1. Relative to the compact globular guide of 2.2 N^0.38 Å, what is the alpha carbon radius of gyration of region 43-103, as a ratio?
2. Quick one: pull the percent of accessible area on the chain belonging to carbon and sulfur, 1.4 Å probe, ligands and nucleic acids left out.
3. Sum up the charges of everything whose Cβ sits under 12 Å from the Cβ of GLU111, counting Lys and Arg as +1 and Asp and Glu as -1, but leave GLU111 out.
4. Over the chain, consider all pairs of different Cα atoms and compute the Kirkwood hydrodynamic radius from their mean reciprocal separation; express it in Å, one decimal.
5. Highest first, please rank the peptides 123-130, 36-43 by the mean number of other Cβ atoms sitting within 10 Å of their residues.
6. Below 8 Å between Cα atoms, with a sequence gap of 6+, how large is the relative contact order for the chain in percent?
7. Could you do me a favour and compute the accessible area per residue for region 55-140, 1.4 Å probe, result in Å²?
8. Tell me, what HN-Hα J-couplings in whole Hz come from the Karplus equation 6.51 cos²θ - 1.76 cosθ + 1.60 at θ = phi - 60° for each residue of region 28-33, using x for Gly and Pro?
Amino acid sequence: MNAPPLYTMEILRLAASLPDPVELERIDGTATERSLTCGSTVSCVVRLGDDNRLEALSQSVQACAFGQACASVVARQASGRGRDEVALALEQLSQWLSGNRAEPPGWPGLEALAPARSRPGRHGAILLPFRALLAAMDSA
């Protein structure tokens, strides 16, 4: 019996649609996170609004297709979110990947990463975009 493919078409599509880094007109916070398991890195700069919600995000991603796909989902869905929402999504994503949560996190698009649940070596890269975003928001 053949194993399911490592990268699905949806994961590859998301990875390919990752926005290029952009220069923000104002930077309120910045962070770089690195996965100890695979060496992937995500650097993130943010601009926050008066309410401390994300107004703009730029990411530089050096990761596998799973990490790139997650960064693409973060880029699409992060605008307008506050620190607590990002922290909750990171916690739920970590629990879901490790099998301690049945449903995917309440962050649209993350369900596409379901094939990675059985590949713990990829979890570090997948969590990086959320970790970097949270750290950048915390540094603001």
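1. Details: Rg = 12.7 Å, N = 61, 2.2 N^0.38 = 10.5 Å.
That works out to 1.21 for region 43-103.
2. 49
3. Details: positive: ARG117; negative: GLU10, GLU103.
Summing Lys/Arg as +1 and Asp/Glu as -1 gives -1.
4. Working: mean 1/r = 0.0670 Å⁻¹.
Radius from the Kirkwood sum: 14.9 Å.
5. In descending order of packing, they fall as 123-130, 36-43.
6. Numbers: 271 pairs, mean separation 44.0, N = 140.
The normalised contact order for the chain reaches 31 percent.
7. Ligands and nucleic acids excluded, the figure is 39 Å² per residue.
8. Working through the residues one at a time gives 9, x, 8, 7, 10, 10 Hz.
The values are calculated or read from the model by the stated rules, or taken from the named source; none is laboratory data. Treat the numbers as computed from the prediction; the structure is a model and nothing was measured. All Cβ positions, glycine included, derive from the backbone under ideal geometry; neighbour counts span all protein chains shown. Keep in mind that these areas ignore ligands, DNA and RNA; they rest on the heavy atoms of the full protein, side chains included. Shrake-Rupley method; radii C 1.70, N 1.55, O 1.52, S 1.80 Å.
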